[in-house]
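Contents: one structure, followed by commentary.
The values are calculated or read from the model by the stated rules, or taken from the named source; none is laboratory data. All values reported here derive from a predicted model rather than from experimental measurement. Ideal geometry is used to build each Cβ from the backbone, glycine not excepted, and the neighbour counts take in all protein chains shown. Heads up: the accessible areas ignore ligands, DNA and RNA and are worked out on the full protein's heavy atoms, side chains in. Shrake-Rupley method; radii C 1.70, N 1.55, O 1.52, S 1.80 Å.
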Amino acid sequence: MLNVYRYMFKIPDLRGKILFTLGVFALYRLGATIPVPGIELDRLDAMAGQQPGGAFGLLNLFSGNALENLSVFSLGILPYITASIIMQLLSVVIPRLQKLQDEGESGRAVITKWTRYLTVILALLQSTGITYLFSRGSSFTGGIVLIDDYTPTRVVLMVVTMTAGTAFVMWLGELITQRGVGNGMSLLIFISIVAALPSQFTLIWQYTIPTGRAPIFVLIIALFILMVVGILFVEQGQRRIPIQFAKRIRGRRVMGGQSTYIPLKINMAGVIPVIFATSILFFPVLISTSIPSTEGFFSSVRDFINVHLAPSGYASGATSWFYIGVLFFLIVFFTYFYTAIQFDPVRQSEMIQRQGGFIPGQRPGQQTSRYLGRILNRITLPGSVFLGLIAILPAVASAIWAIPVGFSGVSILIVVGVALETMKQIESQLTMRNYEGFLT
């Protein structure tokens, strides 16, 4: 691993890409500290101690704490992620999008253009909702009102500023992909999470060390390391389905006869199920902020949501066990759902048959599709349970010790996954340049 850092800076081209990526990181972090016009700056420090959760926590996480500062990059890259997921889901039900995906580079360019337009629309909607919540002094801000003068002119100015910031961040991500190292969007999320980790561990330190609970702090650090090791192990695990291609004679040439395999990852859905599940659980909390503070049935509903469906950082420092159970169930469900969308056994079987291949011991057609479906269900179960456990472990620690655990399973999953993918890309570039010292 140390050889990677030594050799990758010896190549001028690769060194330039890495330095360019680091420069974009610095520009991105600078924008995350500049607040939008129209907010009360003296109240931002009072809100800094709040530990957001749920979908609001994901927004703040993916923006590198830029949302809690209400900066020009408050929305970060999450509107683009949401737009990409929506386009991917629509491609399953809309034949036109499916056809564009099959057309190759030209079709993907059209889908990318539509994704950008959808990103701007989502950014407009999300920035409008965020400015409304910040002006009401909701539970997200700990009752602190950041926008006193909530006039149409000020709202338009803030919404346009945050939307422009999202478009700029999207452009930065594409620049990294084109001129830097790795996937730009993923790396921007990576640097946002890494930038937020020190403050999250500092918060845990404040809740444990001064109160004489140092062993709890040590256990949380051990939990963090254990989660990283588990993610490294599972993310690289895959089930390889062997594919054999029959020999074909065309003229005097013998074609085919080769063997390959289909790699089925244990966690094919990535972090998408966690984002879906957390966002769904966020809606009741969002609705509860609009319930008036009066006695009666609606007040009871609001109290139930705040106690049982609000993650760590809202009603108290601890997380409800009911919330943990529902979150785990939703993650398992959405893992199966999203995996079924990503990998269609029937379509995969037809593709193998068209290319003249077959799975040894399985007849082409329905038998192959049933075999692939059975294998997919078997590996999805441990993958979904693992993903659910990774997501709820910090919440379980929060519920047991009654302290807000800042880092989340999804953040660690993203950091480890992006780091692995980026190092693989650097390794492939070094391999192309025949750096035998690195390879050995």
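Summary table
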| read-out | value |
| --- | --- |
| Volume in Å³ per residue [convex hull over Cα atoms, computed for the range 320-420] | 118 Å³ |
| Under 15 Å, Cβ to Cβ, from V346 - net charge with Lys/Arg +1 and Asp/Glu -1 | +3 |
| Gyration tensor verdict on the range 93-225 (Cα atoms; rounded if a/c is under 1.5, prolate if a/b is larger than b/c, oblate otherwise) | oblate |
| Accessible surface of the range 148-188 [probe 1.4 Å, protein heavy atoms]: carbon and sulfur percent | 63 percent |
| R0 of 25 Å, Cβ-Cβ distance I225-M423: FRET efficiency to nearest 0.05 | 0.85 |
| L389, L203, reordered so the largest accessible area comes first (probe 1.4 Å) | L389, L203 |
